[in-house]
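Colleague: To start, I am sharing the structure in question, which I have written as structure tokens.
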Amino acid sequence: MTKPLRLELDRSAKTPLAEQIRKGIRAAIENGVLAPGARLPSWQDLAAQLGVARGTVRSAYEKLSAAQLIVASRAAGTHVADRPSIAARQEETADPGSFMEMYRELTAGPAIFQMGVPAHETFPAKLVARIRSSAIRVEMSGPAIYPDARGELELRREIAAYLAIARGIECTASQIIITGGYCSGLGLALRVLGLERRRVWMEDPGFPITRHGLELAGLSLAPIPVDADGIDVSYGLNHEPDAALVVVTPGQQAPLGCTLSLERRLRLLDWAAQKGAWVIEDDYLSELQLKGRATPALASLDRAGRVIHIGSFSKTLTPTLRLGFLVASPSLTSQFAEVAACLAPAPGPSVQLATAKFDLGQGRPGDTNARPVRTPEGISQGRPSFPRRHGPSAASRAAGFDGEAGANSASRRRGSWGIDQTSIRIGGKRGPIRYPDDAPARQGATGIFEDFRCV
Ligand SMILES: Cc1ncc(COP(=O)(O)O)c(C=O)c1O
């Protein structure tokens, strides 16, 4: 049963009244005070009840409607939208204006056209469930011993091979640490680097979770503007030349979406090498691109070992895995392993082993090879199987950057992970994309999370 809605407005607060109304109604929906289908007063009535202008309530309703929390119709009035239950995670509310309030808003869902997460309807849930159940059986049937704190070797190998081909990074499995997503990788890197009170370049605008994470780790933020070529490296060099760290999203700047230009990449790396500064590369989208090809990772150009590359499976697979990885620069490999062992061990083996299955490329009988495909072009063209047991160096030597926005000359030449896969075979069988039998509805599906295939 729907409980009475009580909206309390603070007229002395800085938060506009429309925003207070929006947040109040949103909280009531999320806390279950307003159940799906519950009728809301018309904006005229609510304005009269609250003693505010009609436009104030209308504006709040419009935002709630845009967020698909309420549905307004002339005939039926305004109702709370039908949505899957999201009550469990919202058991307590965050302080108004706090970081956690912003975090909850950022991660709230589900919603149609929700930003920042893979398309749910193209997610092969049954297939993933099957792979995960079998990984749990493997985990449970083994001896009860402590797993490798850096993560399962099988997944670390797959990631090393993947990075060589897809991101141009030359690394070994021993440099890779499996993490609980990007955020946990960031925490691990900041612990290893130990840069409390030092200055850090932070993209402005930038990813708020990174910004707050850096503050929590005791670093002093130096906001660096971003333009169409990514973070303004000249600005940083002129204003903050002695910073100890920079955190960047070179592939697709968050939130503006631009790619860091080659010229800036090289200047940034030169500066880091000369000053002994560190660069954390947030490669949250990996090779996902809506148009064209992703540029190789910044880490692929790093000759001085100053870049710590952090990847995530939140966009390429699903954020519910809460899984990511970090590539330690060679000089820090053992520190990373120690800190992971003592302070931030990898998640349990089964989720890792299941994720490793997405990348198998050998096509052994009975293997299910499932992998996300990134570009819309990739859908129609088919693509090579995922790398497996192939040394990273050959692929990473081939990876290059020709300076054109979004263009990777080496991958175009080799077709190693792009669409014109004419000259290279990287494990597995080539051929049109095939889908598992239980996924017929996804044939031809598009979206960020685009397809899986069974070999
Ligand atoms: C800039 C940026 N970095 C990282 C992530 C992913 O973080 P995680 O792996 O913790 O889900 C996101 C997700 O939205 C992001 O926007």
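Computed from the coordinates by the stated procedures, all read-outs in this text should not be read as laboratory data. Treat the numbers as computed from the prediction; the structure is a model and nothing was measured. Methodologically, a virtual Cβ is constructed for each residue, glycine included, from the backbone with ideal geometry; neighbour enumeration extends over all protein chains shown.
Colleague: Quickly rank 39-46, 100-107, 261-268 as a protection proxy: mean count of other C-beta atoms within 10 Å, highest first.
Modeller: Packing proxy ranking, top to bottom: 261-268, 39-46, 100-107.
Colleague: According to a simple spin-label model (label point 7 Å from Cα along Cα-to-Cβ), what is the distance in nm between ALA108 and HIS120?
Modeller: Modelled inter-label distance: 1.5 nm.
Colleague: For the stretch 74-80, just list the computed ³J(HN,Hα) in residue order, Karplus coefficients 6.51, -1.76 and 1.60, θ = phi - 60°, integers in Hz, with x standing in for Gly and Pro.
Modeller: Ordered by residue, 3J(HN,Hα) equals 4, 6, 9, x, 9, 10, 6 Hz.
Colleague: Separate question: Please give, to one decimal in nm, the separation of the simple spin-label points placed at SER220 and ILE145, each 7 Å out from Cα toward the Cβ.
Modeller: The answer from the label model is 4.8 nm.
Colleague: Nearest-5 percent of antiparallel DSSP beta bridges in the stretch 220-323?
Modeller: Just about 20 percent of them are antiparallel.
Colleague: Here's something else I'd like to know. When the Cα centres of the stretch 235-272 and the stretch 153-223 are compared, how far apart do they sit, in Å?
Modeller: Here the two parts' Cα centres lie 15 Å apart.
Colleague: Explain nothing, just compute: Karplus ³J(HN,Hα) = 6.51 cos²θ - 1.76 cosθ + 1.60, θ = phi - 60°, for every residue of the stretch 273-290 in order, whole Hz, x for Gly and Pro.
Modeller: With the stated coefficients, the stretch 273-290 comes to 5, 5, 8, x, 7, 9, 10, 9, 9, 8, 9, 4, 9, 6, 9, 5, 8, 6 Hz.
Colleague: Shifting gears a bit: Once the convex hull of the alpha carbons of the stretch 17-107 is built, what does its volume come to per residue, in cubic angstrom? Write down the numbers at each step before the final one.
Modeller: Numbers: hull volume 8.7 nm³, N = 91.
In the stretch 17-107, the Cα hull volume divided by residue count equals 96 Å³.
Colleague: Same structure, new question: Which FRET efficiency value, to the nearest 0.05, is calculated for THR93 and CYS258 with the Förster distance at 45 angstrom and r the Cβ-Cβ distance?
Modeller: Computed FRET efficiency for THR93 and CYS258 comes out at 0.80.
Colleague: Give me the extension gain from ARG54 to ASP270: residue separation times 0.36 nm, minus the current Cα-Cα distance, reported in nm with one decimal.
Modeller: Once the chain is fully extended between ARG54 and ASP270, it gains 72.0 nm.
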